[in-house]
Amino acid sequence: MSLLSTKGAYGLMSICEISKGDQKNPVSLNDISKNIGVSRNYLEQVLNTLRNSGFVSSIKGFRGGYYLVKTLDEITFYDIFNALENDFCLTSIKMENSSYDIFFKEYNEKLIELFSKPLSSFEDYQNQAKKYLNYVI
């Protein structure tokens, strides 16, 4: 069982795509869909959640699309995953045995800490990936 669903993964990818534009040059739904390889219908659900959570906004019309409301420094991985996963944690079950409660509380806190880096730190992963690019003509 995965801790993160497709909503969380596609949400992260969508935010990274949207960050390439701005309010004057929003990123279209078609471009996001094509670049991350997910259907427009599913992507609309993800983007609606991100918009309702205050991370993105949209402009309708011919040159419309999505843009970030906050900077990548102001958004953490945890913020995105928590918004899309509806309570991103190992478990939210209340345990009868207090030792289990203590265990899950400790690891839920570690999970939050692990994903509390700002999305701007994703650039490090992009730089690592560039090391492995191989251009062939």
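Observations
- Within straight-line cross-link reach of LYS34, lysines at Cα separation under 20 Å, skipping those fewer than 8 residues along the same chain: LYS7, LYS20, LYS60
- q = 0.13, 0.15, 0.19 Å⁻¹: log10 I(q)/I(0) that the Debye formula gives for the chain, counting C-alpha atoms only: -0.64, -0.80, -1.11
- Cross-link partners of LYS94 among lysines (Cα-Cα below 22 Å; sequence separation of 8 or more within a chain): LYS105, LYS110
- The chain, dipole about Cα centre (Lys/Arg Cβ +1, Asp/Glu Cβ -1), debye to the nearest 20: 680 debye
Only the coordinates and a few stated rules stand behind these numbers; no lab work does. Since this is a predicted model, take the numbers as computed values, not measurements. When we count neighbours, we look across all protein chains shown, and the Cβ atoms used for this are built from the backbone with ideal geometry, even at glycine.
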